[in-house]
1. Just to be sure before I move on: is B:Ser31 away from chain A (no Cβ under 13 Å), surrounded by fewer than 17 Cβ atoms within 10 Å (Cβ to Cβ), in contact with a Phe, Trp or Tyr (Cβ under 8 Å, 6 or more places away or on another chain) and among the small types (Gly, Ala, Ser) in the structure I sent?
2. If you go through the range A:236-251, how many residues are part of a strand (DSSP E or B) and touching a Phe, Trp or Tyr at 6+ places or on another chain (Cβ under 7 Å)?
3. Here are A:Ala277, A:Ala315: which of them is hydrophobic (A, V, I, L, M, F, W, C) and under 28 Å from A:Phe229 (Cβ atoms)?
4. Looking only at the range A:741-763, decide whether some residue is in contact with an Asp or Glu (Cβ under 7 Å, 6 or more places away or on another chain), under 30 Å from A:Leu523 (Cβ atoms) and buried (at least 21 other Cβ atoms within 10 Å of the Cβ).
5. Name the residue that is nearest to the chain's Cα centre (by Cα), counting only residues in the range A:18-60 that are more than 7 Å from chain B (Cβ to nearest Cβ) and touching a residue at least 24 places away in the same chain (Cβ under 8 Å).
6. For A:Ser527, state whether it is in contact with a helix residue (DSSP H, G or I) (Cβ under 9 Å, 6 or more places away or on another chain), more than 18 Å from A:Gly707 (Cα to Cα), assigned to a helix (DSSP H, G or I) and small (Gly, Ala, Ser).
7. Looking at (1) within 8 Å of another protein chain (Cβ to nearest Cβ); (2) in contact with a Ser or Thr (Cβ under 7 Å, 6 or more places away or on another chain); (3) charged (D, E, K, R), which one does B:Arg81 not meet, given that it meets all the others?
8. Could you list, in sequence order, the residues of the range A:3-17 that are within 9 Å of another protein chain (Cβ to nearest Cβ) and either more than 58 Å from the chain's Cα centre (by Cα) or under 19 Å from B:Pro58 (Cα atoms) (or both)?
Amino acid sequence: MSRLLGLRHRLRALLFPRAHARDVAEEMRFHMELDAMHQGDAKEAALHFGNRTYYQEEVRRMTWYGAFDAARQDARFAWRSILRNPGFTAMVVLTLALGIGVNAASFAVLDLLFLRNPGGVEQPETLRRVHIEHFNSGDGIPFFSQALNHPMYRELVAAVGDSTKTALFTADNALRMGRHPRDPRIRGVYASANYFPLLGARTSLGRTYTNDEDRLGSGVAVAVISDRFRQSHFGGDSSVIGQTVNVEGTSFRVIGVLDPAFGGIDLQSSDVWMPLAMISAPSWVKGPWWNESINMTRFQMLYRLDDGMSDGLIALRATQRLRALQRASRPKRPDTLMNVIPGPLHEWRGPAKLGGDLLIASRLSGVALIVMLIACANVINLLLARAVRRRHEFSIRLALGMSRSRLVRLLATETLLLAVIAAVPALLAASWGGSVLRALLLPQVEFHEAAVGVRVVAFAFGIAVAAGLLAGIVPALQSHRPDLAGALKASPRSGGAHRSRLRRGLVVTQAALTLMLLTGSGLFVRSLRNVQSIDIGFDSNRLVFGTTRFAKGEAPPPAVFDAGMRDVGSRLEARAGIESVARTSFEPMQGLMWLDFFTARDSSGSFEHSTPTISNVSPNFFATVGMRLIRGQTFSGRDDGSSPPHEVVVNDALATRLWPGAEAIGQCMHFRTRESPCHRVVGVVENARQNGVIEEIAAYQFYVPVGLAAQQPVSSTLVLRVAGPTDAATTAMRAALRELFPAGEPTIHTMTENLEPEYRPWRLGATLFTAVGGLALVVALIGIYSTVSYGVAQRTHEFGVRIALGAQLTDLVRQVIGEGVRMVVAGIVVGVLLALAAGQLIATLLYGVDARDPVTMASAALLMLCVAVIAAIVPAWRASRVDPVSALRAE
Amino acid sequence: MSPSDSSPTPKSGLLPGTLDMLVLRTLSLGSLHGYAVAQHIERSSDGALRVEQGSLYPALERLQNGGLISSKWGKTSTGRRARFYTITARGEKQLGREISAFDNLLLAISRVLGRATEA
């Protein structure tokens, strides 16, 4: 209570400074009048009271307003001194802007990925995403997944205990707005009716759908749309309710528009929400209803943690139920170790391991911080150099009675002001850099809001203030040290030795941090090169794949399609620039198919998790894609529609697994049943990658001729091997496919395109580190240059004397350059130690190169040294050109 | 620009910090205006603690900022407008702490002096 009284008093003095001053004046006047009455003499009373103006001022200084006023004076003074030195100001502002900009841009991305909760959601902190830890992966390494089927969901609802506190949904970012493959794509979510009340998502128009409309078997085709979708597709029409939107061939009646703040709970905002009951099950889901299928595992679940429930308890109950379900529904291969793990609403703060690109994003803040430190070191350096020049000014101020703490505050204010000014261009840079980063990290997400929002602006100013204080305090503390008399007497040129030691220390720091970044960039560049040089079993940069997709019910009969594709293939093969054309059931590394088989002593059932996969390919497929035959030969006959020979080609891994120590060629494989006819192995090919560029264990693969044994009757994809650039072949194939199947939509990919995501983490690391390392190098260059040239300017007199005494110019040059090089060498030593320590943080992101790789570090060090020499050349040249006469006279 | 000296009792000749204690002690007797506080301190010390009376006002401002005393404008017995200061509960507590700290200090000093005369 009393404390509040004090606060009220302070606030009153702050808000009404005039009234406060009036009160104090009146009080003092009253005091003196009373005293004069008692003493009988006004003069005596005045003496008794002391200097009234001084005490009034003292009282004023005690108020917040007084402190604020002093700060304003400091700011005005700082502003004047900033304007007086535009060159210096520009340099400091640019350096700081660079540091703040990099940090703001990286924060913009980190905020998006890991910090900010989705908009329009009520109490996001009590919402949970269900993650499941599985132990049945092919390589035996546990992995996390959010994927659920409906039977699992029902068990999880029972574990939570209240179905209204849960929601099931599945997001699909490539739904067709219509039934034709040519129709534009939209992003939709199939969600249970309680999705909206659970999230607290409100509508701005109409309503959301009810449980009755989301009943399986009698689902109603209604949809709720986002406000953005209303703007873009209905022109912001508010009579949109009752209109229809076609999704995958079904017309949905729009019944509600969501609040503009809500765009779903994923990074990619959604356009349309539809009842879960309206989802169409894929053809391979057996039984009447997909909700009984354990293979329809494409759903994610949310629940809200109520008071009195704990994550641990729900996880425990859910885990027990799911394990029991596994034993009942998958008696063959139950995952009896699976664990349910509740995670926050924010997808990437869950238990799942981050992918390489996201991991790099999370390291970004560290890199940005290093840039900030380098920038601050540079600014401190510039400020120190200036402080030496301003020593005279400071001494006079101190001599005139300015207190030292006030001087420190004054100088800190100056830097703070510079930093805040720098935040403005930094934010401009960050809004550009943030969207570039966003696009680099998440190319698949289409963003609608600007990269820089309120939170980023606040962060930028926060970090600007921090940087301003950091960079301002050090020189300010330094500059209030000089003794008055000495500084007043001495010429402003003679600087303190300890100060230049500090300045050299800062350059060493910069060089060390820069070396660290350069090492990082070198490591990523080498990793990228290593990954790109992995032999994946395909001539990836020469391959183009193409097929045609049809709307439901418009596809030609399989035989017609097959013949057509073969025809297009032979026509394309005749074109210049296309070396060969083959056919396959799917693009390599983009799909899988299994087929049970039996051999004399073994069967596909004996393969635990890495079941062999089958591909239907034409005889020239191996030569076309660049897969080498190790033994034997490819299929006999031609891919001409005649009945295919009963032949198989297996890969090396499968041959070794099935017939260890024996010759695979000539062996029999029986498909589906042991009694089916023998398919003879005619060749063994090298292992090709199946899931990714980096695959520790080779996948088991076998190949059969087109039209043989497979469930899919046709080989739908054409493979072109091109001689030159892929563009011409792509265009030719698209034209040919469109001509042949006018109803369909050709889809064409180059293998390079398909593989790009595989190389992305390394490319990303290489790009980011190189860009940031380059910036740091420039800043370090400026730092070395300014320190060395400042040293030269200070020693003009000495150089003049030495030249007059006949010193060799080359000696002077060597000495000056040596000074720059010495600082950098010290920096390199420190930097190597730092890089060795920090290497662990990126070690998991590298490939084929050790985080302590000496060659990379040596190259980075060499680069630093070159920069040191370059930075010192100009000052050295200037030192050698000192005119002895004028240098001596200037003293 | 004024020197930013923040020692609590400038130009007082008192031990640093004692003026606050004296003011609190005086106000613990009842609500008084500034002049009365000054008079009380001066009289009850038989004129020994003669400080520049103006130095009282920064002290009063500081005590108010800390919520140790509060003030209100009122009328004196002669009908003149004056600001009256009252000690708060927090101020009472603070006064108790300061007095016991001061006692300890006095005791320590007198012990040192006592031993010095004995030797």
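The values are calculated or read from the model by the stated rules, or taken from the named source; none is laboratory data. What you see is a predicted model, and the numbers here were worked out from it, not measured in a lab. Cβ atoms come from the backbone with ideal geometry, glycine included; neighbour counts cover every protein chain shown.
1. On the way: away from chain A (no Cβ under 13 Å): yes; surrounded by fewer than 17 Cβ atoms within 10 Å (Cβ to Cβ): yes; in contact with a Phe, Trp or Tyr (Cβ under 8 Å, 6 or more places away or on another chain): yes; among the small types (Gly, Ala, Ser): yes.
Spelling it out, B:Ser31 is indeed away from chain A (no Cβ under 13 Å), surrounded by fewer than 17 Cβ atoms within 10 Å (Cβ to Cβ), in contact with a Phe, Trp or Tyr (Cβ under 8 Å, 6 or more places away or on another chain) and among the small types (Gly, Ala, Ser).
2. Residues of the range A:236-251 part of a strand (DSSP E or B): A:244-247, A:250-251.
Of the ones still in play, those that are also touching a Phe, Trp or Tyr at 6+ places or on another chain (Cβ under 7 Å) are A:244-245.
Residues flagged as part of a strand (DSSP E or B) and touching a Phe, Trp or Tyr at 6+ places or on another chain (Cβ under 7 Å) within the range A:236-251 amount to 2.
3. Details: A:Ala315 fails: under 28 Å from A:Phe229 (Cβ atoms).
On inspection, the qualifying residue turns out to be A:Ala277.
4. Here is the first cut: in the range A:741-763, the residues in contact with an Asp or Glu (Cβ under 7 Å, 6 or more places away or on another chain) are A:743, A:749, A:754, A:760-761.
Next cut, under 30 Å from A:Leu523 (Cβ atoms) only: A:754, A:760-761.
Those still in the list that are buried (at least 21 other Cβ atoms within 10 Å of the Cβ) too: A:761.
Scanning the range A:741-763, I find at least one residue that is in contact with an Asp or Glu (Cβ under 7 Å, 6 or more places away or on another chain), under 30 Å from A:Leu523 (Cβ atoms) and buried (at least 21 other Cβ atoms within 10 Å of the Cβ), so the answer is yes.
5. By that ranking, first place goes to A:Arg60.
6. Numbers: in contact with a helix residue (DSSP H, G or I) (Cβ under 9 Å, 6 or more places away or on another chain): yes; more than 18 Å from A:Gly707 (Cα to Cα): yes; assigned to a helix (DSSP H, G or I): yes; small (Gly, Ala, Ser): yes.
Yes; evaluated as a whole, the condition is true for this residue.
7. (2)
8. Within the range A:3-17, the first condition is being within 9 Å of another protein chain (Cβ to nearest Cβ), and the residues that meet it are A:3-10, A:13.
Answer for the range A:3-17, where residues must be within 9 Å of another protein chain (Cβ to nearest Cβ) and either more than 58 Å from the chain's Cα centre (by Cα) or under 19 Å from B:Pro58 (Cα atoms) (or both): A:Arg3, A:Leu5, A:Gly6, A:Leu7, A:Arg8, A:His9, A:Arg10, A:Ala13.
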